[in-house]
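The values are calculated or read from the model by the stated rules, or taken from the named source; none is laboratory data. Since the model is a prediction, treat every value here as computed from it, not as a measurement. We place every Cβ from the backbone using ideal geometry, glycine too, and count neighbours over all the protein chains shown. For the accessible areas, the whole protein counts, side chains as well, though only heavy atoms, and no ligand, DNA or RNA atoms are used. Shrake-Rupley method; radii C 1.70, N 1.55, O 1.52, S 1.80 Å.
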Amino acid sequence: MSKSADLRINDQSYSLDIITGTEQEQAIDVSNLRKESKFITFDDGYGNTGSCESSVTYIDGDSGILRYRGYDITELAEKSNFLETCHLLLYGELPTADELGLLEQRISKFANLPDEVLSTINALPSSAHPMAVLSCGLQALGGAFPELATNDRKKDIENFDDAAALIISATRSITASRYRHQHGKPIIPSDSSKGYCDNFLSMMFSSETGQSGVPEQVSNALDLIFLLHADHEQNCSTSTCRMIASGGANPFASVAGATSALWGPLHGGANMAVIRMLNEIHESGDDGSRFVESAKLGKSRLMGFGHRVYRNYDPRAKILKSACDDALEALGVSSPILEIARKLEEVALQDPYFIQRKLYPNVDFYSGIILQALGFPTDTFTVLFAIGRTPGWLAHWREIALTGKKIHRPRQIYQGSNLRSYTPLSER
Ligand code: CMC
């Protein structure tokens, strides 16, 4: 028997269907409500609104569960790697050896950027943030491969395998090329004999380290960070990607837009903000306790804490917390700010303010400390989040392209002026 909910407005009853997800989450379907009643629903910030049905990622925020295509994040973190996970997200299944080989081949094929894309990103002001560079670079890339970025949905779906591999490959090359250019260093071409992360690290740093390769623990730690960031259902940037895709835009434009949405400090920019916060606390001589008090008074925000969906420990933060210890030990690096992070966590988790609001460390709390230990400058942290999140955005682009029927177009409650007459300039 299909379930329904009854809504009563001004003595009129409306029967609304109930949708049940595969994990038994339930939603009231209001898609016909306006047509039938002239009412719309209102949900500032969409915290209670399901914008779509999706088969990519499942989160149970109360229990701290995250699954990609049904696989628990902890198991993937332990047994899989970023490229396998890319395939899983993009196509719904873990790859066979042949499928993985094909994806690797495609990614290698596209690893060196066309000259016109290089000159576009290098022409941006030297003060441009790496996220601005990535977003522009992706649009330029779509321009350089017009056959993959047609805005003709049928053609863009046919060419999706190449477009997705090109974008996944290029996020890395754009970041590395721009970093080298900005520091007056020659570009290091891609080396297809290396794995995805090894190759990226080599494109960024190899002549600096004077080594042809990086320690395995370094590329493994980066691979883990990418894997843990690879998707997170309908967050701000992914919803942006889906919104752009719903209008029929190609994957390059959709991912470029998602990159901009990720940039802000409440979303992907939090990993940079965490490091800034920890440095400030360290420099002020505080062990973290004073900062927690000021966060409780609303004078500051404990960056890397809290989440719209998780009302429990973010499972990614749990994995990164132990990876952080391992990476620092393997690299032989000590980090004073790691001590502060631990203290902040300890104090906050015992404090009624954080307990009542169910605020726990999120993915960004420890990721920045690892990235810093790996040698990445702070202003590249958010772009590293973007590189990790790219397969997720692309999986959602593909889902919309294959199943989406409607352009996304929310409504609003207008609260502005009522009709008024134009006053000529001379009378104002
Ligand atoms: N520090 C101190 N208080 C906080 C924090 C925090 N980090 N986060 C939430 N609160 C308080 C907030 O002031 C509010 O208190 P009150 O009820 O007294 O007004 C209450 O908790 C609910 O907060 P909210 O802002 O309504 O929650 P939200 O779901 O809208 O925001 C969030 C979620 C992630 C934007 C927010 O927790 C935050 O700003 N955290 C810090 C930034 C951060 O780490 N962002 C990365 C998120 S994980 C990566 C990603 O997926 O993008």
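Solvent-accessible surface of the chain, averaged per residue with a 1.4 angstrom probe and all protein chains in place: 50 square angstrom. Residue separation of residue 293 and residue 3 scaled by 0.36 nm, minus their Cα-Cα distance, works out to 99.7 nm of gained length.
Percent relative contact order of the range 270-374, based on C-alpha pairs within less than 8 angstrom and at least six residues apart? Spell out each step's value before the answer.
Numbers: 121 pairs, mean separation 46.8, N = 105.
Computed over the range 270-374, the figure is 45 percent.
How high is the FRET efficiency from residue 147 to residue 405, r the C-beta distance, R0 25 Å, rounded to 0.05?
Values: r = 26 Å, r/R0 = 1.04.
The formula returns an efficiency of 0.45 here.
Would the range 270-374 count as rounded, prolate or oblate if I go by the C-alpha gyration tensor, calling it rounded below 1.5 in a/c and otherwise prolate when a/b exceeds b/c, oblate otherwise? Verdict is oblate for the range 270-374. Cross-linked pairs 296/321; 154/405; 79/321; 155/405; 318/358; 154/406: Cα-Cα separations exceed 20 Å for 296/321. Each part gets one Cα centre, and for the range 356-400 versus the range 264-321 those centres are 14 Å apart.
Hey, with R₀ at 35 Å, roughly what FRET efficiency would residue 18 and residue 93 work out to, going by the Cβ-Cβ distance, to 0.05? After rounding to 0.05, the efficiency reads 0.70. If you take the square roots of the eigenvalues of the alpha-carbon gyration tensor of the range 182-334 and sort them as a ≥ b ≥ c, do you get rounded (a/c under 1.5), prolate (a/b over b/c) or oblate? Oblate shape, in that a/c is at least 1.5 and b/c is the bigger or equal ratio. Using Cα centres only, tell me the gap between the range 103-130 and the range 165-234 in whole Å. That distance is 12 Å. Short-range pairs are left out: with C-alpha atoms under 8 Å and at least six residues apart, the relative contact order of the range 1-144 is 9 percent.
Of the solvent-accessible surface of the chain, computed with a 1.4 Å probe over protein heavy atoms with every protein chain present, carbon and sulfur atoms account for 49 percent. The value of relative contact order for the chain, using C-alpha pairs under 8 Å at least six residues apart, is 20 percent. With R₀ set to 22 Å, the beta-carbon distance separating residue 207 from residue 330 gives a calculated FRET efficiency near 0.45. Summary of packing: across the peptides 35-46, 304-315, 143-154, the per-residue average of other C-beta atoms within 10 Å ranks them, highest first, as 304-315, 143-154, 35-46.
For residue 333, the accessible area of its heavy atoms, probed at 1.4 Å with every protein chain present, is near 60 square angstrom. Among the DSSP helices (H) of the chain, those spanning at least 27 angstrom by Cα along their long axis with an average Kyte-Doolittle hydropathy of -1.0 or more are 160-182, 381-403; this is a geometric and hydropathy rule only.
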